[in-house]
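K.L.:
Before I ask anything, here is the structure I am working with.
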Amino acid sequence: MVVIVDYDAGNLKSVERACREVGLSAEISSDPKRIRSAARIIFPGVGAAGSAMRSLAASGVDRALVNAFEAGTPILGICLGLQISLEHSEENDTDTLGLLPGEVRRFRLDDPVLKVPHMGWNAVRVVRPHPVLDGIQQGDEFYFVHAYRPIPANSADVIAESVYEGPFCSALGRANYVATQFHPEKSGRAGLSLLERFVEWDGRIDA
Amino acid sequence: MLSKRLIACLDVRDGHLAKSIKFVDTRNIGDPVAKAREYYVDGLDELVFYDITASSEGRRIILDVVEAVAEQVFIPLSVGGGVASVADATDLRLAGAEKINVNSAAVRRPGLIAECAEAIGDQNVVLSMDIRRVDRSARMPSGYEIVINGGRKPMGIDALEWAKQGERLGAGELVVNSIDADGTREGYELGLTRMLSEAVRIPVIASGGAGEPDHLYDVLTDGKADAALVASMVHYGDYTVSGLKRHLHERGVKMRMSW
């Protein structure tokens, strides 16, 4: 059983459906007790950092997530879920959860042909082996929709990169926390396969 | 870098797949859920549903169709047709659509775009524009006019101005439907698509007129579109999703080729 964290940020049902497709039963919850006791957690999200943090604080889910992270529960962040796991977001000038050091900044593109948001399918290059990214094959692409990008302070936390004008961090991981800027639930077979690996993951990264 | 997207559009009327020529003469051509699954398995990048039923009974049907498709298709789903309020958009989102297309109601009341962007996020609001060629004039300097109500009602609004206004109001993407090209299979309207793509910094989806694989190539290169929308080409079995993607890939267009 996985708990999908509900904090009024986007369409959780698509994550739930994708979990079901890979044989994982999921519960959508905003109850801090359920989140603290979950065997594993998916922390999704679309929308804006400011309102997301207000909602997390109001329900007490922000503390529950920090507790679960410290307790070693495997956690998968997706999109906004990834972004607010860092310390600060330029979006709404918001202080965020701080599970990992780093910040989130808006894409500023010099190339006028490129558009913001970065929307569509893009390749993901694994830069540091990670059990959850293990199934990514040459040529696999994932679906992205975002105007802000994560900048972890510690380069060792960057586990995959993608290129939009320049390279940016498209997946990060430390200890039992792993997160993708793209949407595995909307990325066809490649995305479903990533969710399957998360389900099997014990929360450890082999050295 | 981003791949160009191939998008299939399913017009749904009373629960069936329909296809129009120049926006009229619609025909029933199959089960939208089965088609959606078939295209997904064959490598489609994104799906669009347009609900062309006006009845309230039809509204329930499109929600059921979206729900059934979302159960088994794990790529972005975009839905439009008669969206006139944040409540309409929210219903479709709960049924499983990521992106909501607004069209006629936004032309009548542009504030709808901003309201939807606030409620569901800019990136999920798609401004779909039905456009026809007109003589250039002081009122219509681009030579293209916005038409609403499924192509029936010309609005005297310049298409270029409307595209820019839509972007300012918070649309995250534009669909450029050429009424003149719709269903003709003679190619997308390249000049129109390029003009709008160059005028905004949000992605542009070209729609209407595709009949041959090279029409997609033309609009993704010369037409500067970010995505090409097809309907007839794949619905009647003349071409497959994977075949079209392979053709574009072989001609040097960056496409997602692994699925």
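The values are calculated or read from the model by the stated rules, or taken from the named source; none is laboratory data. These numbers were taken from a predicted model, which means no experiment stands behind them. Virtual Cβ from ideal backbone geometry, glycine too; neighbours counted across all protein chains shown. Just so you know, the surface numbers come from the protein's heavy atoms only, side chains and all, with ligands and any DNA or RNA stripped out. Shrake-Rupley method; radii C 1.70, N 1.55, O 1.52, S 1.80 Å.
K.L.:
With respect to B:Gly96, is the statement that it is touching a residue at least 24 places away in the same chain (Cβ under 8 Å), of a type outside the set (A, V, I, L, M, F, W, C) and open to solvent by 50 Å² or more (accessible area, probe 1.4 Å) true?
P.N.:
Judged against the criteria, B:Gly96 is not a match.
K.L.:
Among the residues in region B:99-106, are any within 14 Å of chain A (Cβ to nearest Cβ) and aliphatic (A, V, I, L, M)?
P.N.:
yes
K.L.:
For region A:125-165, name all the residues that are free of Cβ contacts under 8 Å to residues at least 12 places away in the same chain and within 11 Å of chain B (Cβ to nearest Cβ).
P.N.:
A:Gln138
K.L.:
Next up: Name the residue, out of B:Ser242, B:Ser232, B:Ser207, that is within 14 Å of chain A (Cβ to nearest Cβ) and farther than 21 Å from A:Asp111 by Cβ.
P.N.:
Only one candidate passes the filter, namely B:Ser242.
K.L.:
Then there's this: Quick one: count up the residues across region A:103-113 that are open to solvent by 20 Å² or more (accessible area, probe 1.4 Å), in contact (Cβ under 8 Å) with a residue 12 or more places away in the chain and not basic (Lys, Arg).
P.N.:
Number of matching residues: 4.
K.L.:
Related question: If you check A:Gly188 against the conditions, is it open to solvent by less than 10 Å² (accessible area, probe 1.4 Å) and at positive phi?
P.N.:
yes
K.L.:
Let me ask another. Evaluate the following for A:Ser155: is it out of contact with any helix residue (DSSP H, G or I) (no Cβ under 8 Å at 6 or more places or on another chain) and under 28 Å from B:Lys4 (Cα atoms)?
P.N.:
No, not satisfied.
K.L.:
How many residues are under 30 Å from A:Glu141 (Cβ atoms) and surrounded by fewer than 24 Cβ atoms within 10 Å (Cβ to Cβ) when one looks only at region B:122-133?
P.N.:
1
K.L.:
Within region A:165-202, count every residue that is more than 15 Å from A:Phe142 (Cβ to Cβ) and in a helix (DSSP H, G or I).
P.N.:
2
K.L.:
Tell me the helices (runs of 4 or more DSSP H) entirely within region B:1-118 that contain at least 2 residues that are under 27 Å from B:Glu189 (Cβ atoms), out of contact with any Lys or Arg (no Cβ under 7 Å at 6 or more places or on another chain) and modelled with pLDDT of 90 or more.
P.N.:
In region B:1-118, B:32-41, B:104-108 are the helices (runs of 4 or more DSSP H) which contain 2 or more residues that are under 27 Å from B:Glu189 (Cβ atoms), out of contact with any Lys or Arg (no Cβ under 7 Å at 6 or more places or on another chain) and modelled with pLDDT of 90 or more.
K.L.:
Step by step: first the residues of region A:166-176, then only those that are among the aliphatic types (A, V, I, L, M) and open to solvent by less than 20 Å² (accessible area, probe 1.4 Å), then the one that is farthest from the other protein chains (Cβ to nearest Cβ). Which residue is that?
P.N.:
Filtering region A:166-176 for residues that are among the aliphatic types (A, V, I, L, M) and open to solvent by less than 20 Å² (accessible area, probe 1.4 Å), the one farthest from the other protein chains (Cβ to nearest Cβ) comes out as A:Leu172.
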